[in-house]
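Since the structure comes first, as structure tokens, the remarks are kept for the end.
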Amino acid sequence: MSGNTLGLLFAVTTFGESHGPAIGCVIDGCPPGLALAETDIQPDLDRRRPGTSRHVTQRQEADRVEILSGVYEGRTTGAPIALLIRNTDQRSKDYGNILDTFRPGHADYTYWRKFGLRDPRGGGRSSARLTAPIVAAGAVAKKWLHERHGTVIRGCTLQVGEIALEMRDWDEVARNPFHAPDAASVPRLEAYMDELRRAGDSCGARLYVEALNVPPGWGEPLYDRLDADLAHALMGLNAVKGVEIGDGFACVAQKGSEHGDELTPQGFVSNHAGGVLGGISSGQPLTAQIAIKPTSSIRVPRRSVDRAGQPTTVETFGRHDPCVGLRATPIVEALVALVLIDHALRHRAQCGDVTLPVPPLAGSAG
């Protein structure tokens, strides 16, 4: 199976399956000299891990990360960094009834058609369980970006199913299990998720992510544009069906006089472009939104076929998130960090000696 590596100079390759003994990743290309310990990585894994509230899967995984290589006396050596996360709460018997059938909306059928076989236990390689190593690698990238450039990456939930949220308070995001920036909406979200769980159904979500203090100049046109690589990485996240950079599809209804971000000596007047122009960072906040589809593993009976092509009905049992988007915020942040560190190193390699007589414009006033 190919396609398991993200990045060029800062390359992350994940391994493992949902119900295997462990999952993990290898980071190749991390700059040497970065102070790094498990305690730098664990907080983001704790934000993503299952079983943290009644609104997500009740699979109980500590998700304790182990650094196996690439760090000596507390600092990265430049050698590959191997990160391991052990699986401890697998319940493979929950998937016995789908061994010969395919869950609608899931990767069961396409994996079988491509590889001729599949691991039905929790989705195997197609499981969102494999996002844990990405979060671990992203924590390394976040630390390097913040120390070298002051870059801060943060995300939140802006919609859960039919419930749209308002961007009220970034501090509130860490205080509730929905990563919602709107405290007033939490009771309604709790009731909505309880109703979904009782019905055995699921819903989608819309997430927002931004990166602050991204220097201008990152990105490799024409075909490795910063926004293209961001879309590529974010579409690689399980269940993502749409990515918007900046205003995204809203730009269709905008006039050119509105959408084009004017420049003044004091900085940009707006940020409709989302911090990317011509595939290169502008120095403004980098902004993106993603759409996550409803969880495919639900208890509601659905029509399907078996491996012989005969009609059947599928009900999925076990422990599943009614909305996989509820735990996706730290994953989205990690993916953005991995793209940014890769482009930071690529920019440094080719254009590290470029100097201009005037400083960059200030960030967006909007």
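Annotation: for a label point projected 7 angstrom from Cα along Cα→Cβ of R188, no residues of region 271-299 have a backbone N closer than 12 Å.
Each of W218, W112 has some number of other Cβ atoms within 10 Å of its Cβ, and from fewest to most they run W112, W218. A simple spin-label model places the labels of V300 and H232 3.6 nm from each other, with each point 7 Å out along Cα-to-Cβ. Quick check: the angle from helix 131-149's long axis to the longest principal axis of the chain, C-alpha only, nearest 10 degrees? It works out to around 10 degrees. Exposed loop sites are taken as trypsin sites (Lys or Arg not before Pro) in a DSSP loop (any state but H, G, I, E or B) with at most 16 other beta carbon atoms within 10 Å; the longest stretch of the chain without one runs 169-254. Compute the FRET efficiency between R307 and Y223 as 1/(1 + (r/R0)^6), taking r as their Cβ-Cβ distance and R0 = 51 Å, and round to the nearest 0.05. For R307 and Y223, the calculated efficiency is 0.85. Ordering Y208, Y109 by the number of other Cβ atoms within 10 Å of each residue's own Cβ, fewest first, gives Y109, Y208.
Quick check for you: which residues of region 134-154 have the amide N under 20 Å from the point 7 Å beyond the Cα of A22 toward its beta carbon? The answer is 134-140, whose backbone nitrogens lie closer than 20 Å to the label point.
Listed values (1) 83, 47, 41; (2) 58, 50, 36; (3) 69, 50, 38 include one computed from this model; for Cα extents along the principal axes in Å that value carries the label (3). Placing a label point 7 Å from the Cα of E166 along the Cα-to-Cβ line, the residues of region 182-205 whose backbone N sits under 13 Å from it are 182-186. Here the calculated FRET efficiency for D46 and T13, from their Cβ-Cβ distance with R0 = 25 Å, stands at 0.60, rounded to the nearest 0.05. Round to the nearest 10 and give me the degree value, 0 to 90, for the angle of helix 226-235's Cα axis relative to the longest principal axis of the chain. That helix lies at roughly 10 degrees to the long axis.
Each reported figure results from applying straightforward, stated rules to the coordinates on display, with no laboratory input. From a predicted model like this one, the values you see are computed outputs, not experimental measurements. When we count neighbours, we look across all protein chains shown, and the Cβ atoms used for this are built from the backbone with ideal geometry, even at glycine.
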